[in-house]
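K.L.:
Please read through the structure below; I'll follow up with questions.
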Amino acid sequence: MTFGALDYVVVAAVLLVSIGIGLYVRCTGNRQKSNDEFILANRSMTVLPVAFSLMASFMSSITLLGVSSEIYMFGIQFIVINFAYLIATPIAANLFLPVFYKLQAASAYEYLECRFGKLARLSASLAYSLQMILYMGIVVYAPALALESAVGIDKELAIIIIGITVIIYCCIGGIKAVLLTDVFQSILMFVAVFLVIISGINYAGGIGNIIEEAKKGGRWELLNFNPDPTERHSWFSLIIGGMFTYLSLYAVNQTQVQRLMTVKSLKGAQRALWWSWPILLLLSITTSFSGLVIYYYYRNCDPLLAKRITSRDQMMPIYIMDVLGHIPGITGLFVAGVFSATLSTVSSCLNSLAAVTLEDYFKPMYKFVSKKELQVDESRSAVPTKIIAGIYGFICIGTAFLAEKFGGILQISLTIFGAVGGPLLALFTLGMSFLSPNEYGSVIGLFSGVLTSLVIGFADKPRAIPLQVNLEDCSQFNIYNLTRIIPQAASTRSSEEYFYLFRLSYWYTVVIGFFITFFVGYFASVILKAMNYHGTDKVYIDGNKNLINYDLFMPPIAARLKEQRMKKGHLITNIALESVPKL
């Protein structure tokens with residue numbers, strides 16, 4: 001089967017629609033002239049597009065290609081992650097989001113300056129930038145991989161085409177275009193998954209046959225309650241690690257916080273966050289089932305062992321070509337789904353990185369050098385942000401060329417988020433939960449957590465052993481005499497030969513990073529405070545340290561602090577974060 005003319009037309013149409021939405025937004029409203037419109041859409045967005053965008057930002061081409069491959073190789077256990085997301089959603093909506101909403105800043109890391117100081121803000125911003133640059137490279141590489149296997153075009157050329165397209169799209173429409181386009185692109189993501197599911201059910205003669213073969217192949221195991229932390233996927237690793245991963249993404253990550261800040265009210269932002277969960281759940285369940293469909297089709301002739309593909313992440317594209325490639329336009333529709341998911345994700349990251357760079361790097365540097373605030377003409381204030389977004393786009397292209405050096409795209413993306421996201425989550429948690437943490441102590445904790453997490457996340461570790469695949473019958477693909485091929489073991493070393501921390505499930509990277517940052521940051525703060533070397537104390541808003549800025553804390557923590565202060569006879573006052581002077 002080949003990628004025909006109609007398939008190219010479908011992919012081109014998706015590109016044009018996405019760019020068209022950007023052009024429409026650019027030509028309406030305030031024409032994307034101000035930073036507030038380009039970065040926060042003038043805080044005028046409704047719940048639905050934000051909910052879809054929250055899902056599409058981090059669950060895009062990585063989900064389509066990575067989850068289906070995960071289920072094919074290791075079984076349905078991964079679906080337990082959705083329970084972790086359900087547990088974490090109210091935590092993000094009711095504890096973290098209210099604090100950011102009171103801040104009303106373009107950069108989420110402005111909170112850290114209000115709570116700790118400039119050093120904490122800069123450290124967190126740099127960690128976030130590293131995290132997003134690595135992630136963007138993988139997100140661009142994933143659809144390039146799909147295009148290579150399905151279309152046959154050069155992978156490097158595909159990376160460049162995708163990257164340039166995203167740069168143009170991001171710089172045209174701003175965050176409003178990203179949010180609106182995410183709805184359209186999310187629908188295409190679901191279309192791509194349902195193409196696999198519907199064709200698979202038709203081929204198998206019913207869902208029951210697919211499930212039956214999954215059971216025979218050991219891929220229907222869902223009740224792994226093994227508490228051993230070296231177990232790759234169990235209820236413990238998926239619930240605990242998944243919950244911390246979700247919070248690191250949806251509670252404190254600039255990309256998601258920025259989206260939630262585009263909604264005009266806190267209640268609306270909370271509803272958007274809640275609505276994103278069932279949308280994410282639907283995509284997760286359908287994508288997981290598509291992995292079982294693909295297993296059913298290739299249960300007797302694994303395409304990787306048969307050397308029809310070069311990576312497990314090409315499983316879904318090769319399936320589409322084998323089953324639906326003869327129908328004009330269908331393959332193009334699938335590739336468009338993967339492609340559009342990348343557009344939404346990367347454009348979101350570019351927009352957020354541009355906001356962080358302008359607010360956290362450029363403006364403070366300008367103030368330090370010139371000794372005055374940056375004054376930009378309002379009609380041109382978005383121009384520097386757009387230029388910065390374009391620069392990050394080219395950095396993204398460079399990172400994408402390195403992505404194939406890593407392992408499976410799903411696991412490596414989660415490892416990246418865990419290595420940086422866990423420590424960042426701990427830093428915000430320290431600031432929003434306790435009075436004691438201070439600037440120097442928290443920064444020491446952040447660097448300790450990030451360094452440890454990166455070492456654990458990217459150290460040489462035992463390879464996961466997938467479930468059995470075979471080459472019993474490849475006649476339907478006109479391939480014969482392959483049954484004697486025996487796949488070589490991934491590693492000759494026993495897992496017990498590796499250092500214990502390197503044998504832990506990759507889901508615990510985020511947990512380890514969180515707790516190291518949390519405890520090191522807390523106790524370092526206590527020690528440094530006793531030594532009178534703790535930096536600026538921003539919790540108090542008066543010289544006598546009697547008045548606390550309660551807006552810096554999670555609502556229940558703030559209420560408890562007020563109660564304690566009232567019992568001690570202290571004056572209670574509420575002062576908005578934006579009114580607190582920046583030192």
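K.L.:
Please list the equivalent ellipsoid semi-axes of segment 131-247, computed as the square roots of five times the alpha-carbon gyration tensor eigenvalues, in descending order and whole angstrom.
P.N.:
The answer is 33, 23, 16 Å, longest axis first.
K.L.:
If you plug each phi of segment 42-49 into the Karplus form 6.51 cos²θ - 1.76 cosθ + 1.60 with θ = phi - 60°, what whole-Hz ³J(HN,Hα) values come out, in order, with x for Gly and Pro?
P.N.:
Each residue's phi maps through the Karplus curve to give 6, 6, 10, 7, 8, 5, 4, x Hz.
K.L.:
Once both axes come from the Cα atoms, what is the angle between helix 5-27 and the longest principal axis of the chain, in degrees from 0 to 90, rounded to 10?
P.N.:
Its long axis makes an angle of about 10 degrees.
K.L.:
Specify the inter-centroid distance of segment 426-465 and segment 200-227, based on alpha-carbon positions, in whole Å.
P.N.:
Here the answer is 38 Å between Cα centres.
K.L.:
If packing is taken as the average count of other Cβ atoms within 10 Å, what order do 212-223, 444-455 fall into, highest mean first?
P.N.:
Per-residue mean Cβ counts within 10 Å order the peptides as 444-455, 212-223.
K.L.:
For segment 88-171, would you read off the P(r) tail past 18 Å as a percentage of all alpha carbon pairs?
P.N.:
63 percent
K.L.:
How far, in degrees from 0 to 90, does helix 409-433 lean away from the longest principal axis of the Cα atoms of the chain, to the nearest 10?
P.N.:
20 degrees
K.L.:
In degrees from 0 to 90, rounded to the nearest 10, what is the angle of the helix 383-403 Cα long axis to the longest principal axis of the chain?
P.N.:
Computed tilt is about 40 degrees.
K.L.:
Now for a separate question. Tell me, what % of the accessible area of segment 52-140 is carbon and sulfur with a 1.4 angstrom probe?
P.N.:
Heavy-atom surface of segment 52-140 belonging to carbon and sulfur, 1.4 Å probe: 78 percent.
K.L.:
Next up: First select every other residue whose beta carbon is under 15 angstrom from the beta carbon of F334; then total the charges, Lys and Arg +1, Asp and Glu -1.
P.N.:
Once all neighbours under 15 Å are counted, the net charge is -4.
K.L.:
Quick one: accessible area per residue over the chain, 1.4 Å probe, rounded to a whole number of Å²?
P.N.:
For the chain, the solvent-accessible area averages 40 Å² per residue.
K.L.:
Per DSSP helix of 4 or more residues, -39500 (n - 2.57); summed, then divided by the residues of the chain. What does that give at 222 nm, rounded to the nearest 500?
P.N.:
-21500 deg cm²/dmol
K.L.:
Given the C-alpha atoms of the chain, compute the convex hull and give its volume per residue in Å³.
P.N.:
152 Å³
The values are calculated or read from the model by the stated rules, or taken from the named source; none is laboratory data. Being a predicted model, the structure only gives us computed values, none of them experimental. With ideal geometry, Cβ positions are generated from the backbone for all residues, glycine too; neighbour counts draw on all protein chains shown. The accessibility values were calculated without ligands, DNA or RNA, using every heavy atom of the protein model including side chains. Shrake-Rupley method; radii C 1.70, N 1.55, O 1.52, S 1.80 Å.
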